[in-house]
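J.: What follows is a structure written as structure tokens; I'll ask about it next.
The values are calculated or read from the model by the stated rules, or taken from the named source; none is laboratory data. Keep in mind the model is a prediction, meaning the values are calculated, not measured. Neighbour counts are summed over all protein chains in view; Cβ atoms, including those assigned to glycine, are modelled from backbone coordinates with ideal geometry.
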Amino acid sequence: MVLTIDQVANYYEVTNEAISTVIKRNRSEFESDGMVTLKGEELKKFFEEITLGQNELCKVQDEPYKMTSKIRHITLLTKRSLLRMGMILTNSGIATQVRNYLLNIEECGKVDTKSWAIQREVGKIERARMTSAISRYVPDSPHKRFAYPNYTNMVYRTIFHKDAKAMKEEQKTRIP
């Protein structure tokens, strides 16, 4: 998994400039995490591969993507870089949640408990993002309040094949 600076900024709900500043100040750490900047032929090849994948999977367009001359380089960050960014950013609520997630994992002793803690913290972050999206994009109506549990159940059924009530019951038996 790789992410662009735009995607990382969007995830942490900060500006691209904030992400770029953190990268400049900590470049060697991000490079050790696998961050790369593509230019020239590498960039062209990257866009061709992305476009082929989109065409095959999404049937987006028949002709190949043409890289515009406006794009001179692109910086790609790894999942590890995304976590590192969360440890460094200071003005992001999502980054605070990521730091809490990492601290909670460290406090857990057993592997099963750590795995559960990881899933829980990731779930909290994604739940906050989902409720924020519902708040912003689902039109106001008397039935809007049902969107939250309905979308939650839809996601749970898709991923875990269980609704929220079943998940809650299962968690009660796992965690003392």
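J.: For region 121-176, give me the residue count where each residue is among the charged types (D, E, K, R) and either within 22 Å of the chain's Cα centre (by Cα) or in a loop (DSSP other than H, G, I, E, B) (or both). Spell out the reasoning first.
T.: First, the residues of region 121-176 that are among the charged types (D, E, K, R): 121, 124, 126-127, 129, 136, 140, 144-145, 157, 162-163, 165, 168-170, 172, 174.
From the residues that got through so far, the ones that are either within 22 Å of the chain's Cα centre (by Cα) or in a loop (DSSP other than H, G, I, E, B) (or both) too are 121, 124, 126-127, 129, 136, 140, 157, 162-163.
Count: 10.
J.: Check off (1) surrounded by 13 or more Cβ atoms within 10 Å (Cβ to Cβ); (2) within 30 Å of residue 20 (Cα to Cα); (3) modelled with pLDDT under 80 for residue 70 and give me the number that stays unchecked.
T.: Exception for residue 70: condition (1).
J.: Only one of 131, 78, 113 is modelled with pLDDT of 80 or more and either over 28 Å from residue 5 (Cβ atoms) or of a type outside the set (Gly, Ala, Ser) (or both). Can you tell me which? Talk me through it step by step, then tell me what you get.
T.: Working: 131 fails: modelled with pLDDT of 80 or more; 113 fails: modelled with pLDDT of 80 or more.
Among 131, 78, 113, only 78 is modelled with pLDDT of 80 or more and either over 28 Å from residue 5 (Cβ atoms) or of a type outside the set (Gly, Ala, Ser) (or both).
J.: When you look at residue 126, is it modelled with pLDDT under 85, surrounded by fewer than 15 Cβ atoms within 10 Å (Cβ to Cβ) and either hydroxyl-bearing (Ser, Thr, Tyr) or closer than 22 Å to residue 160 by Cα (or both), yes or no?
T.: Details: modelled with pLDDT under 85: yes; surrounded by fewer than 15 Cβ atoms within 10 Å (Cβ to Cβ): yes; either hydroxyl-bearing (Ser, Thr, Tyr) or closer than 22 Å to residue 160 by Cα (or both): yes.
So residue 126 passes the test.
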